[in-house]
């Protein structure tokens, strides 16, 4: 059994987790893998995500939603909020920016990206990098108000994710973490597109509220509520690695497309052979036979062209999958010697290799 919270008195929502299921990671920095390692035994869990962006691409909550979790998702960009609303009918989706004042605020919107921010300097920096920035007035709301409206103020919330491109301190100032106690906090801890830390702006308040630091993964910091530290601190203490039995969404998609293409190729090859066999089995007059032979050859040529196109598509997918496999092996920490990760093994299987 993989690591999971140990059941205590009254902990009826904890069950053993089966190791055979492969976890597909959607998060940009595999934060969902770390969270699943610690919280995967929680049934029907709840999350709060501030700064959701797209409901699939780079989403930290997508894998959890697919497994029956629900929660409060807050996103100020109207396009992304609409996507989340359509993709997540069971989530409580709020189109707003979380601020300590709760007033209408200016969003420096970078359409189609995850770089929109309430911070003026971030908007200016985005514009200097050539990113289109359009200012938009959006609703502002305090986190404690949104949590109350969503019915999550007095029920367990298993993790809070804050990713708001430099405005994390303002979000955290809008809720009393000593009263509202998510089990785990994941907070973006660097300035946008930078390695410069922002922890000094908000971490003292998090620690003073009774949270213990667990991990900095290069982008975000993980904290656990003191009352859950005994069971969750250890599984939250290291980044995603080969032991987590996960596969990146990109590799999973390539594998699915490869399987579909190979299925199409087998179908058309079989159809071409059946068409040829049906023609050979007949005994028409010579002229009729020649006409039918010509028609069959034309049909076989057409089907052969289709199979050639499918074969070329498979070659492209195999190259992409091999590239993803090599990148996975290079990125995954904690691998000993030449051992292959489950991700690499999956990629080999899809490529038709043998160990």
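Quick notes on this structure:
- Within the stretch 299-328, residues that are on the phi < 0 side of the Ramachandran plot sit with their Cβ atoms under 9 Å from residues that are not in a helix (DSSP H, G or I), at 6+ positions apart or across chains, in these pairs: 318/352; 324/248; 327/248; 328/247; 328/248; 328/341.
- As a summary of the residue check, residue 249 satisfies the conditions (1) assigned by the TED database to the domain that holds residue 59; (2) touching a helix residue (DSSP H, G or I) at 6+ places or on another chain (Cβ under 9 Å) except for the one numbered (1).
- Qualifying residue in the stretch 200-215 (condition: outside any strand (DSSP E or B) and at pLDDT below 95): no
- Qualifying residue in the stretch 109-116 (condition: within 20 Å of residue 78 (Cβ to Cβ), touching a residue at least 60 places away in the same chain (Cβ under 8 Å) and in a strand (DSSP E or B)): no
- Filter pass, residue 182 being in a loop (DSSP other than H, G, I, E, B), buried (at least 16 other Cβ atoms within 10 Å of the Cβ) and assigned by the TED database to the domain that holds residue 227: yes
- Qualifying position, being assigned by the TED database to the domain that holds residue 224, in contact with a helix residue (DSSP H, G or I) (Cβ under 8 Å, 6 or more places away or on another chain) and either assigned to a loop (DSSP other than H, G, I, E, B) or crowded, with 20+ Cβ neighbours inside 10 Å (or both), among 130, 68, 123, 166: 166
- Here residue 253 meets each of (1) over 30 Å from residue 184 (Cβ atoms); (2) assigned to a helix (DSSP H, G or I); (3) at pLDDT below 75 with one exception, condition (1).
- Residue 38 touching a helix residue (DSSP H, G or I) at 6+ places or on another chain (Cβ under 6 Å), at pLDDT 95 or above, assigned by the TED database to the domain that holds residue 222 and crowded, with 16+ Cβ neighbours inside 10 Å: yes
The values are calculated or read from the model by the stated rules, or taken from the named source; none is laboratory data. The structure presented is a predicted model; accordingly, all values stated were derived computationally and were not measured. In this analysis, Cβ positions are derived from the backbone assuming ideal geometry, glycine residues included, and neighbour counts consider all displayed protein chains.
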